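Heads up, the thing below is written out as structure tokens.
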Amino acid sequence: MVGSSPPPYRRAPGGFRENNQVSTFSFTRCCCCVFSLIFIVVAIVGVIALVVFMVLKPKKPEFNLQSVTVVSLETYPPLGSALTSMEVFLTLNITMAFTALNPNKVGIKYSGSEFYVMYKDMPLGVAVVPPFYQPSHSNTTVQTELVVTRVNILQAAALDLIRDATVNDRVPLRITGDVGARIRVLQINSPKVQVSLDCQIVISPRRRALTSKQCGVDGVIF
């Protein structure tokens, strides 16, 4: 009929539901592709790391205390004088040399380390070893210095220190600390190797020298 308006547009039932299902399917497929790609990359990296490990056969590095040099050891009151109070002030300056042995075919990156020096389980100070890199198949010596200025040693420890320094001429010290190291190949870091060092040393105040040393080393991989 002339002049009649067209019938109103009606959306087919279920059209919105079909579009929603298509969008959900596309999103799910995209997520599956992304996760599959991540899995493939991780698998490739794992295979490369395994091949490198099998070829290089990395070994645990060795880290040990080599020598101790006594620069100065003084007390106040001075050694040999009468002890008029229960307080003794210790001034100590020692230089320690540590050796690091790398038996691997690649270099090792050592993190910074702190070594605690104690007398009769009383902390005297901390010696710091800065980070360093060690080439393959090498033996490296690193040095650090401990400077203790007028540390107050109280009560029984003061009497023990005076007796050890004057009568026995032997002052026992304990040096303990952890060293962290990683092997790096093809921009891939190996698991961290932590070497724990615990040394019992004895120094002679009169000769200002190291008289005995006994160290224990323990390694942990994590």
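Looking at segment 190-208, which of the residues that are aliphatic (A, V, I, L, M) and at pLDDT 85 or above is farthest from V171 (Cα to Cα)?
The selected residue is L197.
Looking at segment 40-68, I want the residues that are surrounded by 10 or more Cβ atoms within 10 Å (Cβ to Cβ) and have a partner that is part of a loop (DSSP other than H, G, I, E, B) and modelled with pLDDT of 65 or more with Cβ atoms under 7 Å, at least 6 apart or on another chain. Which pairs are those?
Cβ pairs passing all conditions: L56/N104; L56/K105; L56/V106; P58/N104; P58/S190; K59/P103; K59/N104.
The values are calculated or read from the model by the stated rules, or taken from the named source; none is laboratory data. All values derive from a computational prediction rather than experimental measurement. So basically every Cβ, Gly included, is an ideal-geometry build from the backbone, and we count neighbours across all protein chains shown.
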